[in-house]
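These notes are about the structure you will find just below.
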Ligand code: 4AD
Ligand code: MG
């Protein structure tokens, strides 16, 4: 007996097959009964006609409950009115695993904490499957984008001795070496690799022990960080707008059904094309103040400011050249205004805020030493990083795109906690 996945039923029309999956819905008129089966690739309706069935099969139908796992055998027929477009005229039914009637997630509203506590089961919902499919599409598109452009993927360490960004660090004991820190970024290693291989990107998990409970912070998230030798800040933004536009176009092209499941307004994605508007930080502050924000020159922009700034645009916006004190030590001083650095944040439209942080890197040995000192960072941890400036320094730039924020924006979700299978947040380490 062939055992196609539900998505493959189309090519089995007329044949008798066995479908294995989980029951999401049952109804019966007493003579004819229906069970909707989900297998992760789609849903199919199984039709049970009492008068044509072995009584044992009809009796087994009566034991089907929400999330019972089954193997249903029957003839595949096209049925435009059935969910999925095909149905099975059932001849046999095997109950693989019963599911007691206390299945926690019922077809009604549940609170978010309840759902997160039952995340291992919540994943089975069509909405969660749609989000996972968009995430996967983006992961594949990331690989394709860089592969097609001749970048090498470099996998950088998660256990590190050096630190990268300013926010909190997770630490763990590391044999005789003392404390190891979970990587907040792969960037510093990416810079070493860029001097070796020219164009590289990293793609991996990163960790921030931030005590923020906002809708856009996780303690563990995935980041894509390209680093390109000989790119300046301007080239860096061009790469970002090409990259982000490529990602959005890919999802629009291949994941329409999922966007529809999520009720995403795709018109808001179709306008995402280069070039993206560029606003100087100093001008952005003036605009924000005019709009009533309390932001002062020198502050980093908060989520509310970012939302206020992008409301006039139909695509992502770059805010460029922030004050030194608002940004990380490795960013290159802006020769035209040394109070600022050559950097950009890419802000997604519709209030989603920062999805990318990028910059040209400080390539002057002495200036970098000074920044490390000014920030009070441990000089010995950065010895190897400084050698990248000592032995053949080079203009280079790169950026980090947060995968979860990007998925949340493209899917139109309020909170990034639904965007990763098992989110890690300040108050959540289980399941
Ligand atoms: O702006 P960030 O901190 O930049 C860096 O880490 C640089 N080293 C990147 C680089 O230049 N190579 O983080 C980059 C992006 C943010 O724009 C955001 O999308 C995401 O990472 N991000 C988070 N996503 C979820 N939860 C958090 N706590 C995040 N912190 C940053
Ligand atoms: Mg940032």
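Considering only 267, 46, 35, the mean-square fluctuation computed in a Gaussian network model of the chain, springs between alpha carbons under 10 angstrom, is largest for 267. Note on residue 11 and residue 265: with the Förster distance fixed at 45 Å, the Cβ-Cβ geometry gives a FRET efficiency of about 0.85. Taking the Cα atoms of the stretch 79-175, the ratio Rg/Rh between the radius of gyration and the Kirkwood radius comes to 1.14.
Taking the longest Cα principal axis of the chain as reference, the axis of helix 281-290 is set at about 70 degrees. Rounded to whole Å, give me the distance from the Cα center of the stretch 266-299 to that of the stretch 341-386. Between the Cα centres of the stretch 266-299 and the stretch 341-386 lies a distance of 21 Å. Relative to one another, the C-alpha centroids of the stretch 108-156 and the stretch 68-104 are positioned 27 Å apart. Dividing the helix sum by the residues of the chain, where each DSSP H run of 4 or more adds -39500 (n - 2.57), gives a mean residue ellipticity at 222 nm of -8500 deg cm²/dmol.
A Gaussian network model of the chain, with springs between Cα atoms under 10 Å, assigns the largest mean-square fluctuation among 175, 329, 146 to 175.
The label point for residue 380 and the one for residue 365, both projected 7 Å from the Cα toward the Cβ, are 2.1 nm apart. Spacing of the modelled spin labels on residue 294 and residue 235, each 7 Å from Cα toward Cβ, amounts to 4.3 nm.
Return the FRET efficiency for the residue pair residue 77, residue 314: r is the Cβ-Cβ distance, R0 is 45 Å, and the value is rounded to the nearest 0.05.
Values: r = 45 Å, r/R0 = 1.01.
My answer for the efficiency is 0.50.
With angles folded into 0 to 90 degrees, how steeply does helix 187-197 sit against the dominant principal axis of the chain? Use alpha carbons for both and round to 10. Its long axis makes an angle of about 80 degrees. For the chain, the C-alpha radius of gyration sits at 1.19 times the compact-globule guess of 2.2 N^0.38 Å, with N the residue count. Between 34, 246, 318, the GNM of the chain built on Cα springs shorter than 10 angstrom shows 34 fluctuating the most. Based on C-alpha pairs under 8 angstrom that are at least 6 apart in sequence, the stretch 6-97 has a relative contact order of 33 percent. For the stretch 35-93, count all C-alpha to C-alpha pairs, find those more than 14 Å apart, and express that count as a whole percent of the total. Every Cα pair in the stretch 35-93 considered, those over 14 Å come to 53 percent.
Rounded, prolate or oblate, given the Cα gyration tensor of the stretch 1-142, with a/c below 1.5 counting as rounded? Oblate, since a/c reaches 1.5 and b/c is not below a/b.
From Cα pairs below 8 angstrom and at least 6 apart in sequence, can you work out the relative contact order of the chain, rounded to a whole percent? Write out the running numbers ahead of the final one.
Values: 815 pairs, mean separation 56.8, N = 431.
So the answer I get is 13 percent.
With a cut-off of 13 Å on the backbone N, the residues of the stretch 339-383 near the modelled label site 7 Å out from residue 287 along Cα-Cβ are 345-351.
What full-extension length gain, to one decimal in nm, is calculated for residue 273 and residue 127 as 0.36 nm per residue of separation minus the Cα-Cα distance?
49.8 nm
Which of rounded, prolate, oblate describes the stretch 191-239, given a ≥ b ≥ c as roots of the alpha-carbon gyration tensor eigenvalues and a/c under 1.5 marking rounded, otherwise prolate only if a/b is larger than b/c? Write out the running numbers ahead of the final one.
On the way: a/c = 3.45, a/b = 2.03, b/c = 1.70.
It is prolate, given that a/c is not under 1.5 and a/b is the larger ratio.
Reducing the stretch 389-431 and the stretch 311-333 to their Cα centroids gives an inter-centroid distance of 17 Å. Under 12 Å from a point 7 Å along the Cα-to-Cβ line of residue 49: which residues of the stretch 74-92 have their amide N that close? Under 12 Å, as judged by backbone N against the label point of residue 49, lie 75, 89-91 of the stretch 74-92.
Rule-based calculations on the coordinates, nothing more; no lab input. None of the values given here were measured: they were computed from a predicted structure. Note that each Cβ is placed from the backbone with ideal geometry, even for glycine, and that neighbours are counted across all protein chains shown.
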